[in-house]
Amino acid sequence: MAIDIYKINPEFREIMPQEIIDLEENATWAEKQDKPRGIKELPQTKELLEEHSLCAGCPEAAALRYVLSALPKPEETVIVNSTGCTSLMFPHIALHTVHSLFGNQNAVASGIKRVLDWRFPNKEKDVVVLAGDGATVDIGLDYTMQSFFRQENITTICFDNEVYANTGGQESGMTPKGQVFKMAPSGKKFEKVKMWELATTSGCHYSLNMTASAPKAVARAVREAITIAREVGPTYINLYTPCILEIGLSANEGLGEMKEQDKDRFDKYKYISPEAEACLAKAKEEGRL
Ligand SMILES: Cc1ncc(C[n+]2csc(CCOP(=O)(O)OP(=O)(O)O)c2C)c(N)n1
Ligand code: SF4
Ligand SMILES: [Mg+2]
């Protein structure tokens, strides 16, 4: 059974690019089976980001595919994103997304989640923030942390490429010490902010630091984070998706870089609160995970 998410307003259909019409006609989310997509279906599905305008081989594009394939209920999900390389992918997916002003994505997501819960009290609505490190940790840090403090029922996924990529390579708080970029030639003077630890101390019930090297691991993390966000409180996933352009790698070297970092800086930090542990155990028992 297909899941009907994406509809073009009939009045605008005539002027829509073919790509958008293709999304409406061919993005089915669950055609062959009565459950959402999974990692195995990535090569055949229009809706799991068939095309994008990022650099060839950009790990952000692969990571978004894994995230989309793991959404438990895509038809009941809203993704809030922010300006950056990530935001270039959203016009190519058939899902409800909101492009917020740079940095305020967690405030926007909080409002959307509250209104959806009020408007649809009998439905589970998932709100997921997906934004870069500049948006999440630098310019939007206050909004990010305040949403944790308020215990909003949202999942925040930071695509941590350790740089302001979309504006040509400035350092962010997430850049490692000593790193030089085109527009940060003197080198980073202090250590990378441990946002995953800040998320834990700011009230997140689930906080991970990982690379996007293993699709199934990313998908599992997304499903767990969304399940906990629904029932317990805010969750955070810090996902290393290196900007291959800014660190001088070619299109086929992103995966190798992530695998290298699995052994080193991205050592799979994982925090789960006791309430979240109980929530996951119950979800597994009921076959929801
Ligand atoms: C309010 C506002 N401030 C600044 C910008 C400029 N801007 C656009 S993209 C970007 C950098 C994004 O960096 P990040 O969030 O790390 O995403 P990436 O491009 O690295 O994926 C900035 C500063 C903007 N568009 N709007
Ligand atoms: S600039 Fe970097 S983050 Fe942006 S699309 Fe290219 S490789 Fe990806
Ligand atoms: Mg970035």
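Scanning region 30-53 for residues that are within 16 Å of ligand 1 (Cβ to nearest atom) and buried (at least 19 other Cβ atoms within 10 Å of the Cβ) yields 49, 52. For region 60-100, residues that are assigned to a helix (DSSP H, G or I) and within 16 Å of ligand 2 (Cβ to nearest atom) total 15. Pairs are defined by a Cβ separation below 6 Å, a sequence spacing of at least 6 or placement on different chains, a first member in region 79-97 that is closer than 18 Å to residue 143 by Cα, and a second member that is small (Gly, Ala, Ser) and in a strand (DSSP E or B); the pairs so defined are 81/131; 82/131; 84/132. Within region 250-289, being more than 22 Å from the chain's Cα centre (by Cα), free of Cβ contacts under 8 Å to residues at least 40 places away in the same chain and closer than 28 Å to residue 54 by Cβ holds for 263, 264. Looking only at region 94-114, how many residues end up being under 18 Å from residue 74 (Cα atoms) and either touching a Lys or Arg at 6+ places or on another chain (Cβ under 8 Å) or of a type in the set (A, V, I, L, M, F, W, C) (or both)? Qualifying residue count for the region: 6. Scanning region 89-135 for residues that are among the small types (Gly, Ala, Ser), over 15 Å from the mean Cα position of the chain (by Cα) and within 16 Å of ligand 1 (Cβ to nearest atom) yields a count of 1.
For (1) without any contact (Cβ under 8 Å) to a residue 60 or more places away in the chain; (2) more than 21 Å from residue 217 (Cα to Cα); (3) outside any helix (DSSP H, G or I); (4) within 13 Å of ligand 3 (Cβ to nearest atom), each residue gets a yes or a no:
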site: 102; (1), (2), (3), (4): yes, yes, yes, yes
site: 113; (1), (2), (3), (4): yes, yes, no, no
site: 117; (1), (2), (3), (4): yes, yes, no, no
site: 124; (1), (2), (3), (4): no, yes, yes, no
site: 128; (1), (2), (3), (4): no, no, yes, no
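Restricting 56, 109, 63, 27 to residues that are buried (at least 17 other Cβ atoms within 10 Å of the Cβ), at pLDDT 95 or above, small (Gly, Ala, Ser) and over 19 Å from residue 153 (Cα atoms) narrows the list to 63. Within region 140-172, being more than 16 Å from ligand 2 (Cβ to nearest atom), surrounded by fewer than 19 Cβ atoms within 10 Å (Cβ to Cβ) and either part of a helix (DSSP H, G or I) or of a type outside the set (Lys, Arg) (or both) holds for 141, 142, 146, 149, 151. Only residues that are within 16 Å of ligand 1 (Cβ to nearest atom) and of a type in the set (Ser, Thr, Tyr) were counted in region 230-289, giving 3.
Counting only strands (runs of 3 or more DSSP E) that sit wholly inside region 184-289, those with at least 2 residues that are buried (at least 22 other Cβ atoms within 10 Å of the Cβ) are 206-211, 235-240. For region 6-18, residues that are charged (D, E, K, R) and either at pLDDT below 90 or in a loop (DSSP other than H, G, I, E, B) (or both) total 2.
Are any residues in region 114-139 away from ligand 2 (no atom under 16 Å from the Cβ), of a type in the set (A, V, I, L, M) and buried (at least 17 other Cβ atoms within 10 Å of the Cβ), and if so, which ones? Correct list: 116, 127, 128, 129, 139.
If the condition is being of a type in the set (D, E, K, R) and either within 16 Å of ligand 2 (Cβ to nearest atom) or touching a Cys at 6+ places or on another chain (Cβ under 8 Å) (or both), then region 225-247 contributes 231, 246.
The values are calculated or read from the model by the stated rules, or taken from the named source; none is laboratory data. Bear in mind the structure is a predicted one, so any value in this text is a computation, not a measurement. Note: ideal-geometry Cβ built from the backbone for every residue, glycine included; neighbour counts use all protein chains shown.
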